[in-house]
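Okay, structure first, notes after.
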Amino acid sequence: MEVEPRFLDPHAEVAQHTNRLPHWQQDEATYFVTFRLADSVPTELLKRWEQEREAWMRWNPEPWSPKQEREYRERFSMRMEHWLDAGHGECLLRQPPLALIVGNALQHFDGVRYNQHAWVVMPNHVHALFSARGETKLPVIVKSWKGFTAWEINRHFDRTTPLWQKDYRDRIVRNARHFLNCARYIRNNPLEASLKTAEYLHYESQAVRTLLEAEG
């Protein structure tokens, strides 16, 4: 039985912590998360982008207006997404057995720690749309995915180098429209990147599939 996603509650407490990127959390919230392979963006380029983003955020502290959110997405999120979709780096996850390791990890605690709504494993990054369950925190969920898959994939190649970027990007889903936009983005991402069927792995729940098909 699928569970209805819970969206951002503007009246409830929002916990915030910062690694390289800021992360906002609410109990049992629905999140859109992106994490990428360590070699997908050159270090110097990433450093320059982060400096630009930090300067912008000093002038635009959260919470943002819809206009500020659009500007942030256009200036920073979309730039990163276009770069990733161009297929930079080794793109290990283009190999179906390795993509399957990630896909199995994403599904492993579905219905226990979280409810998965949709995800896609791209050649050098992953998008996931899910709702946390109970007291399970967002960092715990993402750490378990990245930690297990790094161990499995590095074991496959007999190496110990970092597989994933240390941090990840996340947004609390605001409402039903935002939820549908995230699910649609996940579905369309392989098409936008001109990938063949064997070059990615995609999942969406029956509820998400029904909603997207109803939208046309």
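Laid out as a table, the results:
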| quantity | calculated |
| --- | --- |
| Among (1) closer than 24 Å to ARG174 by Cβ; (2) assigned by TED's automatic domain parsing to the domain that holds ARG209; (3) in contact (Cβ under 8 Å) with a residue 40 or more places away in the chain - the single one GLN107 does not satisfy | (1) |
| Strands (runs of 3 or more DSSP E) contained in the range 6-94 and holding at least 3 residues surrounded by 11 or more Cβ atoms within 10 Å (Cβ to Cβ) and modelled with pLDDT of 90 or more | 30-36 |
| Any pair with Cβ under 6 angstrom, 6 or more apart, that starts in the range 53-80 at a residue that is farther than 20 Å from TYR185 by Cα and ends at one that is in a helix (DSSP H, G or I) | ARG53/PHE76; ASN60/GLN68 |
| Criterion (in contact with a Ser or Thr (Cβ under 6 Å, 6 or more places away or on another chain) and within 25 Å of MET78 (Cα to Cα)) met by exactly one of ARG169, ARG209, ARG177 | ARG169 |
| Those residues of the range 133-145 which are surrounded by 15 or more Cβ atoms within 10 Å (Cβ to Cβ), assigned to a helix (DSSP H, G or I) and not polar (S, T, N, Q), in sequence order | LEU138, ILE141, VAL142, TRP145 |
| Pairs, first small (Gly, Ala, Ser) in the range 179-204, second assigned to a strand (DSSP E or B), C-beta under 7 Å, six or more apart | ALA183/HIS117; ALA183/ALA118; ALA183/LEU129; ALA183/GLU204 |
| Criterion violated by VAL126 - all others in (1) within 19 Å of PHE32 (Cβ to Cβ); (2) assigned to a helix (DSSP H, G or I); (3) of a type outside the set (Lys, Arg) satisfied | (2) |
| Test: residue in the range 98-112 that is at pLDDT 90 or above, farther than 27 Å from LEU180 by Cα and loosely packed, with under 13 Cβ neighbours inside 10 Å | no |
| Members of the range 146-184 found to be surrounded by 12 or more Cβ atoms within 10 Å (Cβ to Cβ), among the basic types (Lys, Arg) and under 14 Å from LEU37 (Cα atoms), listed by number | LYS146, ARG169 |
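The values are calculated or read from the model by the stated rules, or taken from the named source; none is laboratory data. A quick note: this is a predicted structure, and the numbers were derived from the prediction, not measured. Neighbour counts are summed over all protein chains in view; Cβ atoms, including those assigned to glycine, are modelled from backbone coordinates with ideal geometry.
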